[in-house]
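What follows is a short report on a single structure.
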């Protein structure tokens, strides 16, 4: 089987959906404890929720990317594909790391730049 960038983004999308479900199930085991991780509005709990939902959000970006280049002719822009893949790994990782140790919040520029450059790469590299 010839694995293309499009296939990798499609795999990343479905793996992200699976990880979103699994992380939500794990977090859901404890959500009924009002004081868990300092309460609903605590930094740790908010960052865990953000990491959980980022799996889904970025999975949908990768799914949209893969679907887009199944519809249009030509190869997907490699820079955009790799940037979206990096964002799929970096965003939940930075969220969970920042939940663990707050100074990791300074790394949020990495997934944000990665995702912005991925979407810009799609818009300016192929679609427009």
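Brief remarks follow.
- None of 104, 31, 56, 96 is without any contact (Cβ under 8 Å) to a residue 24 or more places away in the chain, touching a helix residue (DSSP H, G or I) at 6+ places or on another chain (Cβ under 7 Å) and over 17 Å from residue 121 (Cβ atoms) except 104.
Here's the yes/no breakdown for (1) farther than 18 Å from residue 94 by Cα; (2) modelled with pLDDT of 90 or more:
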position: 36; (1), (2): yes, no
position: 42; (1), (2): no, yes
position: 45; (1), (2): no, yes
position: 55; (1), (2): no, yes
position: 63; (1), (2): yes, yes
position: 69; (1), (2): yes, no
position: 74; (1), (2): yes, no
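- The residues of the stretch 8-25 that are without any contact (Cβ under 8 Å) to a residue 12 or more places away in the chain and either over 18 Å from the mean Cα position of the chain (by Cα) or over 22 Å from residue 97 (Cα atoms) (or both) amount to a single one, 11.
- Given (1) under 19 Å from the mean Cα position of the chain (by Cα); (2) surrounded by 13 or more Cβ atoms within 10 Å (Cβ to Cβ); (3) farther than 21 Å from residue 16 by Cβ, number of the condition residue 36 does not satisfy: (1)
The values are calculated or read from the model by the stated rules, or taken from the named source; none is laboratory data. Just so we're clear, the structure is a prediction, and the values are computed from it rather than from any experiment. Methodologically, a virtual Cβ is constructed for each residue, glycine included, from the backbone with ideal geometry; neighbour enumeration extends over all protein chains shown.
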